[in-house]
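Beneath this line is the structure, given in structure tokens, with notes to follow.
The values are calculated or read from the model by the stated rules, or taken from the named source; none is laboratory data. Because the structure is a prediction, the values reported are computed rather than measured. Cβ atoms come from the backbone with ideal geometry, glycine included; neighbour counts cover every protein chain shown.
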Amino acid sequence: MNNYFKTYLGIIIFSFLSLTQCEDKLRLEEGDIIIFEYEYENFAWGHQHIHWIIDNDGYVRTEIDDPAYLGPPIREMFDGFIITSDTISKEDIEYYQKLVPDAIKGDFESNPGNRADFGAVVFNVYVKKSDEDSYHKYLLSLQSDVLDSINTHRDAEKIVQWMQELNPNLP
């Protein structure tokens, strides 16, 4: 139970920290990297963990080890992912990447969660500018036992819906 609480507290803290990264509108340039992330974790009936990313080239990568929620830098965290046989079309990647600059500027609607044994489902976008060394994390949606925090911008909603539709077919 103690691990359960620490995990959710870590997710919530990390997610809210990502909300404070608001800047002027992001301008995407050649060489920038955008990574879409889905993560589900639940300890209700044993440990269930699903975690995948879609990289800049449309490759779906899945995690081979459990994450360190507040651990290593993002760059190193992605190194623990392996490429699956799944790929996303270049057209889809480009379409959803173009939505990111407006999506990350959306307002959030947050409500206390009142679910039992739901776990946590998180959708994020990471952006690494070509002239920077690290990724910036932007929360799109968090739903958990204790909190729901949803980016209400229509472009954020489109990205989350797309990732939800992909999820049953991915590792």
Out of the stretch 150-171, which residues are buried (at least 18 other Cβ atoms within 10 Å of the Cβ), under 20 Å from ASP55 (Cα atoms) and not β-branched (Val, Ile, Thr)?
ASP155, ALA156, TRP162, MET163
Considering the stretch 78-110, residues that are of a type in the set (Val, Ile, Thr) and within 16 Å of the chain's Cα centre (by Cα), and then whichever is surrounded by the fewest Cβ atoms within 10 Å (Cβ to Cβ), we arrive at ILE93
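Taking the stretch 122-149, which residues are of a type in the set (A, V, I, L, M, F, W, C) and surrounded by fewer than 20 Cβ atoms within 10 Å (Cβ to Cβ)? Full working, then the answer.
Let us first name the residues in the stretch 122-149 that are of a type in the set (A, V, I, L, M, F, W, C), namely 122-123, 125, 127, 139-140, 142, 146-147.
Result: VAL146, LEU147.
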Can you pull out every residue in the stretch 117-129 that is within 26 Å of SER144 (Cβ to Cβ) and either over 17 Å from the mean Cα position of the chain (by Cα) or part of a strand (DSSP E or B) (or both)?
ASP117, PHE118, ALA120, VAL121, VAL122, PHE123, ASN124, VAL125, TYR126, VAL127
Quick check on my filter: what residues within the stretch 115-171 are within 22 Å of GLU30 (Cα to Cα) and acidic (Asp, Glu)?
ASP131, GLU132, ASP133, ASP155
Looking at this structure, is HIS136 modelled with pLDDT of 95 or more and in contact with a Lys or Arg (Cβ under 8 Å, 6 or more places away or on another chain)?
no
Any idea how many residues of the stretch 30-77 are assigned to a loop (DSSP other than H, G, I, E, B), at pLDDT below 85 and crowded, with 16+ Cβ neighbours inside 10 Å?
3
Got at least one residue in the stretch 5-15 being farther than 20 Å from VAL127 by Cβ, more than 13 Å from the chain's Cα centre (by Cα), modelled with pLDDT of 80 or more and among the hydroxyl-bearing types (Ser, Thr, Tyr)?
no
Could you list, ordered by first residue, the pairs with Cβ atoms under 8 Å in which the first is in the stretch 105-116 and over 13 Å from THR152 (Cα atoms) and outside any loop (DSSP other than H, G, I, E, B) and the second is modelled with pLDDT under 90 and of a type in the set (Val, Ile, Thr), at least 6 apart or interchain?
PRO112/VAL146
